[in-house]
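All of the numbers you see were taken from the coordinates with simple rules; none came from a lab. This is a predicted model, so every value here is computed, not measured. Note that each Cβ is placed from the backbone with ideal geometry, even for glycine, and that neighbours are counted across all protein chains shown.
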Amino acid sequence: MSTGIQRWRVPLGFVAAAVLIIAARPHRLSLLVGLPLAVLGLAVRAAAAGHIRKNEVLATTGPYRFTRNPLYLGSAILALGLVVAAASWLLAVIAIAMLVGIYLPVIRREEQFLSQRFGAEFDAYAARVPRLWPRQPPRRRAEGKSFSLALYLQHREYHALLGFLVIALVLVAKWLAPIAGLAGALARW
């Protein structure tokens, strides 16, 4: 099912991370708002990774009860959080371009694959669960599988966590660098 656009999304994500690190101009408020938002995105991705059995079973439990694409929703929230933390309009433009130009077409292509693979089961699921932005949650908890740490690890979702930690540390260091420099100058005076 891999296509050209799907193969480019991960390398482009690394390029976007490098641009983020270079273009970032974080400040206290941007970090206080953006980093928790990014953590929320990571949590959504982690929950999704712990429920999906790719190409084996149609995922409809956990966050898949609210959106057909919680991994992409989590990525979008993560990106929004990092853009806010970095306080850069350039990064906002890049993130929107990647969402519209890469992720939305990939979502459509993956859903075509799922429709072919799971037929009426996917079509019924797609009729009741929104593509990306979740609706109000169901009133009762759905029966089914619970979160699996083994699946989270199998899908190597911890890579997203490690990448976030590196970027968060760089953003905090970029914010602290001028403050630390000023403190040193004041101490010498």
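Below is a table of values for the structure above.
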quantity: Convex hull volume per residue in cubic angstrom - Cα atoms of segment 55-100; calculated: 83
quantity: Low-density loop positions, trypsin sites (Lys or Arg not before Pro), segment 20-64 - DSSP coil, at most 16 other Cβ in 10 Å; calculated: 54
quantity: Chain lengthening between residue 43 and residue 169 when straightened (0.36 nm per residue, less Cα-Cα); calculated: 43.5 nm
